[in-house]
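Just so it is clear, none of the values below were taken in a lab; they were calculated from the coordinates. In this text, all values refer to a predicted model and were calculated from it rather than measured experimentally. So basically every Cβ, Gly included, is an ideal-geometry build from the backbone, and we count neighbours across all protein chains shown.
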Amino acid sequence: AQKVTQAQTEISVVEKEDVTLDCVYETRDTTYYLFWYKQPPSGELVFLIRRNSFDEQNEISGRYSWNFQKSTSSFNFTITASQVVDSAVYFCALSGEAYNQGGKLIFGQGTELSVKP
Amino acid sequence: DARVTQTPRHKVTEMGQEVTMRCQPILGHNTVFWYRQTMMQGLELLAYFRNRAPLDDSGMPKDRFSAEMPDATLATLKIQPSEPRDSAVYFCASGRDRQGHGYTFGSGTRLTVV
């Protein structure tokens, strides 16, 4: 079975602090894909990143960075110098080998990030 | 930017009434998903289609829910009869095989059954 666990339900930081959102996954597939989505207060789900299981390179995009470690089945997300606009619920998701054939996404429960001025 | 369009954005209905939610996937996308979001259960997959054929609807209560794709530009999710426990936000998402990024989600339909 596939499962995504985001142990942090809520995180509160002060603006300009760095914050890391944890994601641990379970799958028996040898090929799989990991995602992060952002859900701001307006409610839409915004795609942030996709990684496949063969690419363990860390990725940086502006203030966002992702650390993928197969050895610990983790795909953590770090926001550097957080801003109030980063306040949102962040979801980690997993899709198995079927992703490239329209496979489904399994979501974690989400982490609600609150960045205070 | 191409968008997934969902209608209505909000729906309030009485228990027992039929509810139909509609989704227009992005042109050219051949995979369509329906997810339901609640505080208790988070994001749950209800059903999904590839090339208009249903692939998996095991997450959907079959006695009252039905999902269809009458054509490539329209996906529907119906609840009949609706119950208060169906109150949730229903998201539609679309994507394309072997695409380089994640699926695109619509803005959701917020359903309240009273």
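Loop-located chymotrypsin sites (Phe, Trp or Tyr not before Pro) across segment A:1-96 with a Cβ neighbour count of 14 or fewer within 10 Å are A:Phe54, with loop assigned by DSSP.
Computed from the Cα positions only, the extents of the protein assembly as shown along the three principal axes stand at 48, 40, 34 Å, in decreasing order.
Each Lys and Arg contributes +1 and each Asp and Glu -1, all at the Cβ; summed about the Cα centre of chain A, the dipole is approximately 180 debye. Shown for segment B:1-65 is the translational diffusion coefficient from the Stokes-Einstein equation, using the Kirkwood radius over Cα pairs, a temperature of 25 °C and a viscosity of 0.890 mPa s: 180 µm²/s. Loop-located trypsin sites (Lys or Arg not before Pro) across segment B:54-114 with a Cβ neighbour count of 11 or fewer within 10 Å are B:Lys62, B:Arg98, with loop assigned by DSSP. Residue by residue, segment A:59-67 carries 3J(HN,Hα) couplings of 10, 10, 9, x, 8, 9, 9, 10, 10 Hz when phi is fed to the Karplus relation 6.51 cos²θ - 1.76 cosθ + 1.60 (θ = phi - 60°); x denotes Gly or Pro.
Spherically averaged projected area of the convex hull of Cα atoms, chain A: 7.0 nm².
Placing unit charges on the Cβ atoms only, positive for Lys and Arg and negative for Asp and Glu, gives chain B a dipole magnitude near 240 debye about its Cα centre.
Sequentially through segment A:28-39, phi angles give Karplus couplings (6.51, -1.76, 1.60; θ = phi - 60°) of 9, 5, 7, 10, 8, 10, 10, 9, 10, 10, 10, 10 Hz, Gly and Pro residues having no value and appearing as x. Loop-located trypsin sites (Lys or Arg not before Pro) in segment A:1-47 (DSSP state other than H, G, I, E, B) with a sparse environment of at most 10 neighbouring Cβ atoms within 10 Å: A:Arg28. Measuring against 19 Å, Cα to Cα, the residue pairs B:Lys11/B:Lys78; A:Lys3/A:Lys70; A:Lys104/B:Lys78; A:Lys16/A:Lys116 contain A:Lys104/B:Lys78 as the ones spanning a longer distance.
Panel values: chain B, Kirkwood radius from alpha carbon pairs, Stokes-Einstein at 37 °C and 0.692 mPa s, translational diffusion coefficient 234 µm²/s.
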